[in-house]
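Asker: First the structure, then my questions, so here it is.
The values are calculated or read from the model by the stated rules, or taken from the named source; none is laboratory data. Note that this is a predicted model, so its numbers are computed, not measured. Virtual Cβ from ideal backbone geometry, glycine too; neighbours counted across all protein chains shown. Ligands, DNA and RNA are stripped out before the accessible areas are found, and what is left, the full protein with its side chains, is counted by its heavy atoms. Shrake-Rupley method; radii C 1.70, N 1.55, O 1.52, S 1.80 Å.
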2 protein chains.
Amino acid sequence: MKARVHVTLKNGVLDPQGKAIHQSLEGLGFDGVEDVRQGKFIEIELSDSDPDAAKARVAEMCEQLLANTVIEDYSIEIEA
Amino acid sequence: MKARVHVTLKNGVLDPQGKAIHQSLEGLGFDGVEDVRQGKFIEIELSDSDPDAAKARVAEMCEQLLANTVIEDYSIEIEA
């Protein structure tokens, strides 16, 4: 069973990485780019068989390690 | 129009960040974790109105800047 986790900065939190990408894209001649935000994407392979239990466990992993919940949001998708 | 880009390491490419997360999760007492891979997640807000043209442009951004295609794969989703 695989969990796909997205960790993104909360709205309003400055994103210097996203800003750097935005400026580089403009420097390369890509116009019409209004905003860029960079987050993390984490794939976790689990031995669990119950999707609900797996999701709860991954949420606990996010709270304890994967996300800084002061400034970051996370979302979890479970694939069978 | 928003593009959601995932940049992930190709299979077989060593992922020290993923390995560090894996070990930290085990250290925190999460068992049953078989593998962890970390990638990047980039959200791009575009002024384009044609989804197909937007996807082609974002693919070009990935080739030129966002992904190192020697070791990374990318995938693009366009949201209206």
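Asker: Of all residues in the range B:56-67, which are open to solvent by 70 Å² or more (accessible area, probe 1.4 Å) and of a type outside the set (D, E, K, R)?
Answerer: Residue satisfying the conditions is B:GLN64 alone.
Asker: Which members of the range A:33-55 meet the condition of being surrounded by 15 or more Cβ atoms within 10 Å (Cβ to Cβ) and closer than 21 Å to B:SER75 by Cα?
Answerer: Passing the criteria: A:VAL33, A:VAL36, A:ARG37, A:GLN38, A:GLY39, A:LYS40, A:PHE41, A:ILE42, A:GLU43, A:ILE44.
Asker: Filter the range A:1-25 for residues that are of a type in the set (Gly, Ala, Ser), facing another protein chain (nearest Cβ under 9 Å) and open to solvent by less than 40 Å² (accessible area, probe 1.4 Å) and give the result.
Answerer: Hit for the range A:1-25 is A:GLY18, nothing else.
Asker: Still on this model: Quick one: how many residues across the range B:26-65 are outside any loop (DSSP other than H, G, I, E, B), among the hydrophobic types (A, V, I, L, M, F, W, C) and at the interface with chain A (Cβ under 7 Å from one of its Cβ atoms)?
Answerer: 8
Asker: Only residues that are within 26 Å of A:ARG37 (Cα to Cα) and either in a helix (DSSP H, G or I) or touching a Lys or Arg at 6+ places or on another chain (Cβ under 7 Å) (or both): list them for the range B:9-25, please.
Answerer: B:LEU9, B:ASP15, B:PRO16, B:GLN17, B:GLY18, B:LYS19, B:ALA20, B:ILE21, B:HIS22
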